[in-house]
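Report on the structure given below.
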Amino acid sequence: MPPTAFSILLVFLPLSLVTIGGGQSAIADMHRQIVDVNHWLSASQFVDAFAIARLAPGPGSLLATLIGWQIAGFWGALAATVGIFGPTAVLIYAVTSLWSRYQGARILTALETGLRPVAAGMILAASYVLIQALDGGWFARGLALLSTALLMLTPVNPLLLIGAGAGCFIGLHMLALV
Amino acid sequence: MSEPDVPRPTPLQLFLIFARIGLTSFGGGLSGWMLREFVQRRRLLSEEDFLNGLSIAQALPGVNVTNMAIWIGYRLAGRAGAAASWLGIVVPAAIVIVLIGSAFAWISGYELSHVALDGAAAAAIGLSLAMGLTAARRVPRRIFPLAVMAATFIAVVVLHWPLLWTVLGIGSLSVAVAYHQA
């Protein structure tokens, strides 16, 4: 499809409904649609956008806004934002306003219990896809694993860690290793 | 349902509170920010109310934090509150990310900026993987949930299923089983 605001909207609308457990779970599919199917961005442009989205404040799914902007400017950004946030906003609004009728809560408990392993599998798959797409070979993969370990074992500030990752690669570049 | 006895915020106040949360939260953890702001500092919601909302926000599709913004906004100021809270968490941060992206495009002529961003991306993937491992650790150690998790991973990584079909297929089976066991 040519990258018009409308075709961008069509790509992001269904992605909205699979963002279970946070935006991470949709990243693998976003990558497939944007890079492999439509060729709107290259794989390294996509990973660059991912890093920028992680450095920026706010919900991680704003990655969609940035990608829309890079593909088709203002209208692309607007279409991607409405696409990724719109359908689920309507859904949660409906559920919230009907909340008093859901007193039984059995269906809600079942949703939470049933979707938890699916969400975990999707987040792990997204991480795997991103690690595959990294530039910088084994140094980058090692850094990703080291960063994972630090985040899980220490109360390190993620922003500091991302900054240190950038600094680390500049150092390796000076030594001509990456 | 006992509501804490304080003046209700207006939609404009909600917009400003969520804009501040959206703009100061780097690297995730927005739910923790909201708990501090609405329950502990301003006492606008009880902790139980907040946790009910959080479990719905996580169970339904959608980004947890934008779901939470709509839920909190609706509870505190109805339809206008939900809209104002949603706009507050999304719009200011969306403008900032486009500015940061444009600034990067401007310096992207320098090779070093790509190298730095590769390093930043590698470290940032840690956030995603650490969250995946934390979520995996909370999956019950029983055969069915573990098989669902493995099947999801295989469907996405090996079979390249679109996520929508993965969720509709594996997800609805898993929810149906959970419903019967509940």
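Each of B:114, A:31, B:180, B:160 was scored by other Cβ atoms within 10 Å of its Cβ. Arranged with the fewest first, they read B:180, B:160, B:114, A:31.
Between residue B:80 and residue A:154, the modelled labels are 4.9 nm apart [label points 7 Å from Cα along Cα→Cβ]. Once Lys and Arg get +1 and Asp and Glu get -1 on their Cβ, which of A:72, A:137, B:175 lies farthest toward the positive end of the dipole of the protein assembly as shown? Comparing the listed Cα positions along the dipole, B:175 ranks first.
Working from label points 7 Å from Cα in the Cα-to-Cβ sense, the residue A:4 to residue B:42 distance is 4.2 nm.
A simple spin-label model places pseudo-atoms 7 Å from Cα toward Cβ; at residue A:176 and residue B:134 they are separated by 4.2 nm.
Within the listed set A:126, A:72, A:164, the residue fluctuating most in the Gaussian network model of chain A (springs between alpha-carbon atoms under 10 angstrom) is A:164.
Rule-based calculations on the coordinates, nothing more; no lab input. As the structure is a prediction and not an experimental result, all values here were calculated from the model. Glycine also receives a Cβ, built like all others from the backbone with ideal geometry; neighbour counts cover every protein chain displayed.
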